[in-house]
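Participant: One structure, pasted below without further comment.
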Amino acid sequence: MPSLNLSLEDGQSYPIQIERGLLKNCGTAISSLVPPCHVMLVSDENVAPLYLETAAESLKSAGFTVHKKIFPAGEPTKSLPVLGELLEAMADARLTRTDLAVSLGGGIIGDLTGFAAGCYLRGIRFVQIPTTLLAAVDASVGGKTAINLPQGKNLAGLFHQPSAVLCDPDTMGTLTPLCRADGAAEAIKTGILGDTSLFELFESEDRTAADTDYTEIIAKSVAYKAKIVSEDPTEKGVRKLLNLGHTPAHAIEILSSFEISHGHAVGIGIAMMTRAAKKVGIIKNCDAERILDTLRRNNLPIDCPFSAKEMAEIAQSDKKAANTSITVILPEEIGKCRMEKIPRTELEQLFQDGLEG
Ligand code: GLY
C-alpha cells in the first residue's frame, strides 16, 4: 500500500494514500484525520452513478453526516456561477469551520471543490478523492484550486492544501481510453521532469490499455510532485517545472473551446516544447524522439491544429505571464528540464519552433 506524506514548510503535512479498494473505506481513513462532522461530498454526473454511494455510505458508517452536490461533467463546471452554487449549498447545509468538503472526481471537481473549501468561511478543510488518472497523478496533489473566467483558464483560484488525498486505483478501471491518455500525459510529463523509471514505464508499453494497474504509476508521479510542492508550495520557483507543456496547452484548450481535453493538450504542449528545445540544441535528437514516440505510443496527439500566432495571443493573458516575460519549461534530457524566462515577444517564435521540429 504506497502511502506518503506531503510536508509543507509551515510544519504541516498531509497523507497521500494509494490503495486498491480504498474508496469503500474512505470514511475510516478520513475519520483518522478529521473527527466526524458534516461533509459536503461533491461529484459530477459521470462519477456519481459509479462511486458516490460507496463513498457516502463509508462516510456515514464512520459517523459523518453527508450532504451531496452533483454537477455536470466538463470544463464549464469550473465557473463562477457553479462556484456560487456550491458555496450556497455549503451555507444551506450550515457547514461550520470544523466541517469538511470532499471532492470525488477528476481535476475539474477537485479544483472547484478545493476553491469553494478555501473561501467558504475563509477556509474549511477538504479531502481529495481523485477518480481519474489525471487527477490521481497530478491535480489532486499540491493544493492548486481554481475556476476559469471568460477571459482565461484558472484565472481565479487559491492555494488551499487538502487534509488528505485518498486514491483508489480501482476507480481508474471505468475510465474511457481518452481519459486514460489524459492521465498518461501528466505522468509522462513527470517522468520527463525527474523520474526516468516512470518515463520508461510509458516508453516500454502503451499504458493506456484498459487493464493497466496504475498503482505504481500514481505512486511514482505523486512522490515526485510531493517533493517539488514541499520545496515550493506556492510556485515561486521550482514548482514552475510542473508546467512543462502547459503554456501551449492552455492556449490549445481555449482555442478548441475545450474540445481538446487538458491531458491531450498537455501532450501536444510537451511535444512542442521538445521540438523547440531540439531546434536550439538544448535536447539531443535521440531524447527528443524518445519523448515524441512515447507520447504517440500512449495515444496522445503530438501535432497542433493551431498557429503559433493565435496560441501566442492567448498565452499573453496566461496567468503565468509576469510583466514582459514568461517562464517556459524546456526538456534537456529524460529526467531533467530547465526553466527559461523569455520575453513575451519571443513566445510566438518559440511556438513556431515547436510546431516545426
Ligand atoms: N499541475 C501543476 C501544479 O500542480 O503545479
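The values are calculated or read from the model by the stated rules, or taken from the named source; none is laboratory data. For clarity, every value in this text was computed on a predicted model and none was experimentally measured. Note that we place each Cβ from the backbone using ideal geometry, even for glycine, and neighbour counts take in every protein chain shown.
Participant: If I go through segment 42-86 residue by residue, how many of them are of a type outside the set (Ser, Thr, Tyr) and in contact with a His (Cβ under 7 Å, 6 or more places away or on another chain)?
Facilitator: The initial filter retains those residues of segment 42-86 that are of a type outside the set (Ser, Thr, Tyr), namely 42, 44-50, 52-53, 55-57, 59-60, 62-64, 66-76, 78, 80-86.
Within this subset, residues satisfying the condition of being in contact with a His (Cβ under 7 Å, 6 or more places away or on another chain) are 67.
So the count comes out to 1.
Participant: Moving to a separate point now. When only residues in segment 228-245 that are of a type outside the set (Lys, Arg) and over 21 Å from Met273 (Cα atoms) count, which is nearest to the chain's Cα centre (by Cα)?
Facilitator: Val229
Participant: Looking at segment 214-249 only, could you name the residues that are within 11 Å of the ligand (Cβ to nearest atom), under 17 Å from Ala146 (Cα atoms) and of a type outside the set (A, V, I, L, M, F, W, C)?
Facilitator: Pro233, Thr234, Glu235, Arg239, Lys240, Asn243, His246
Participant: Of all residues being more than 15 Å from Ala55 (Cα to Cα) and of a type in the set (A, V, I, L, M) in segment 110-133, which is surrounded by the fewest Cβ atoms within 10 Å (Cβ to Cβ)? Just the residue, please.
Facilitator: Among residues in segment 110-133 that are more than 15 Å from Ala55 (Cα to Cα) and of a type in the set (A, V, I, L, M), the one surrounded by the fewest Cβ atoms within 10 Å (Cβ to Cβ) is Leu121.
Participant: Follow-up. Kindly evaluate Ala164 against the criterion of being away from the ligand (no atom under 16 Å from the Cβ), in contact with a Pro (Cβ under 8 Å, 6 or more places away or on another chain) and of a type in the set (A, V, I, L, M, F, W, C).
Facilitator: For Ala164, the condition - away from the ligand (no atom under 16 Å from the Cβ), in contact with a Pro (Cβ under 8 Å, 6 or more places away or on another chain) and of a type in the set (A, V, I, L, M, F, W, C) - is met.
Yes/no per residue for (1) farther than 26 Å from Gln12 by Cβ; (2) away from the ligand (no atom under 16 Å from the Cβ); (3) touching a Phe, Trp or Tyr at 6+ places or on another chain (Cβ under 7 Å); (4) modelled with pLDDT under 95:
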| position | (1), (2), (3), (4) |
| --- | --- |
| Phe64 | no, yes, no, no |
| Lys68 | yes, yes, no, no |
| Glu85 | yes, yes, no, no |
| Asp99 | no, yes, no, no |
| Gly110 | no, no, no, no |
| Cys119 | no, yes, no, no |
| Gly123 | no, yes, no, no |
| Ile129 | no, yes, no, no |
| Thr145 | no, no, yes, no |
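Participant: Among the residues of segment 276-287, count how many are touching a Gly at 6+ places or on another chain (Cβ under 8 Å) and surrounded by fewer than 22 Cβ atoms within 10 Å (Cβ to Cβ).
Facilitator: So the count comes out to 1.
Participant: Tally up the residues in segment 190-224 that are part of a helix (DSSP H, G or I) and either in contact with a strand residue (DSSP E or B) (Cβ under 8 Å, 6 or more places away or on another chain) or more than 20 Å from Leu6 (Cα to Cα) (or both), please.
Facilitator: Number satisfying all stated conditions: 16.
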